[in-house]
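In what follows, a single structure is set out as structure tokens and then discussed.
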Amino acid sequence: MTAAVLFPGQGSQYAGMADPWEQHAAGRAVLQEASDLTSRDFAGQCRDDELLATTAFAQPALFVCDVAAYRVLEAEGLRTSAVAGHSLGEYAALVAAGTLTFPEALGLVVERGNAMQAASDESPGTMLALVGVGAADGAAIAGEAREDGVLTVANENGPKQVVLAGDVDAIERAATVAADRKVRAVRLNVAGAFHSPLMASALERMRAALTTVSFSDPAFPVIANVTGEAVREGEAFRELLARHVVSPVRWEASMITLDNAGVDTFVEAGPGDVLAKLVKRTVPAGFSVTAGSPDAAAAAAAQASGDRA
């Protein structure tokens, strides 16, 4: 069987999400390294709802938990053929593939969280999930509601789910347009309009930060959010990660790329089960499983190896 590991991004966080990984040596080592590198107690601070509500902390916290989950999967014998990460999760995917070292990636994620928090403060915005429509219909709703505001498709999550990002007035107009079209619309509890032009100042900060790190070629393909395609040259991510903050997450295309490459097993590594559910909608024949704790990771590794009893 051919397994791809998927890493969730912002929105999957919950209080106590680091606690399970302290129960396994591989996960505990990641949490300790992150705490040493940043002089903060990641496991303890991941129990703080107020901190997790901020982009500046939620992003590094999720990244650390994603990598901890992957290290446990590795220790339990998972053999990985490809990786993809949703938005922030792409940084964990790059660590898993050996393209970035953990310390370098953590430094970038800390800067990314701070830069996106600052961009959100400078240019307030929010996000709206549209359930039951794909990217084309989402773009049509955005086009009708945009007027003189900022409004764009931010996440192409699947054939029946997209997320719009923009300024608050434009998002409210989009919700009205969606209701008129009998499309379910859900406001997301996020701090800004991620993956939209309102993140422009974060792009420049990330471009500067990315000049300070080295990129190695990945050990296996990484599916890039910006293109939805497999990338095998590490240096390509220097520009892709900069564009990442203002470009749509092409998740549906990413899953199709993995399916076309022969991946039949999808393992979500980290908090929650959002990505596993999206797999079922985009690749119905694919087998998806979550690894949100050491026990679940051990089971996922066994299932990815063929034991699905």
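Looking for whichever is buried (at least 23 other Cβ atoms within 10 Å of the Cβ) and among the basic types (Lys, Arg) here; the options are 112, 181. Which one fits?
112
What helices (runs of 4 or more DSSP H), lying completely within the range 16-127, carry at least 2 residues that are over 19 Å from residue 296 (Cβ atoms), among the charged types (D, E, K, R) and in contact (Cβ under 8 Å) with a residue 40 or more places away in the chain?
Filter on the range 16-127 gives 102-122.
Hey, residue 272 hits all of (1) open to solvent by 20 Å² or more (accessible area, probe 1.4 Å); (2) in contact with a strand residue (DSSP E or B) (Cβ under 9 Å, 6 or more places away or on another chain); (3) under 22 Å from residue 141 (Cα atoms); (4) assigned to a loop (DSSP other than H, G, I, E, B) but one; which does it fall short on?
Looking at each condition in turn, residue 272 falls short on (3).
Residues checked against (1) at positive phi; (2) in contact (Cβ under 8 Å) with a residue 60 or more places away in the chain; (3) loosely packed, with under 15 Cβ neighbours inside 10 Å:
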residue	(1), (2), (3)
141	no, no, no
148	no, no, yes
175	no, no, no
190	no, yes, no
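Given the residues 61, 75, 96, which is the only one that is under 17 Å from the mean Cα position of the chain (by Cα), open to solvent by 10 Å² or more (accessible area, probe 1.4 Å), at negative phi and not basic (Lys, Arg)?
Testing whether each residue is under 17 Å from the mean Cα position of the chain (by Cα), open to solvent by 10 Å² or more (accessible area, probe 1.4 Å), at negative phi and not basic (Lys, Arg) leaves just 96.
Going by what's in this entry, would residue 250 be described as open to solvent by 10 Å² or more (accessible area, probe 1.4 Å), charged (D, E, K, R) and at pLDDT below 95?
No; evaluated as a whole, the condition is false for this residue.
Within the range 283-309, how many residues are within 17 Å of the chain's Cα centre (by Cα) and of a type in the set (Val, Ile, Thr)?
So the count comes out to 2.
Within the range 194-235, which residues are open to solvent by less than 10 Å² (accessible area, probe 1.4 Å) and either modelled with pLDDT under 95 or in a helix (DSSP H, G or I) (or both)?
Hits for the range 194-235 are 199, 202, 206, 210, 234.
The values are calculated or read from the model by the stated rules, or taken from the named source; none is laboratory data. As the structure is a prediction and not an experimental result, all values here were calculated from the model. Heads up, the Cβs are rebuilt from the backbone with ideal geometry, glycines too, and the neighbour counts pull from every protein chain shown. Just the protein is used for accessible areas: all its heavy atoms, side chains included, with ligands, DNA and RNA removed. Shrake-Rupley method; radii C 1.70, N 1.55, O 1.52, S 1.80 Å.
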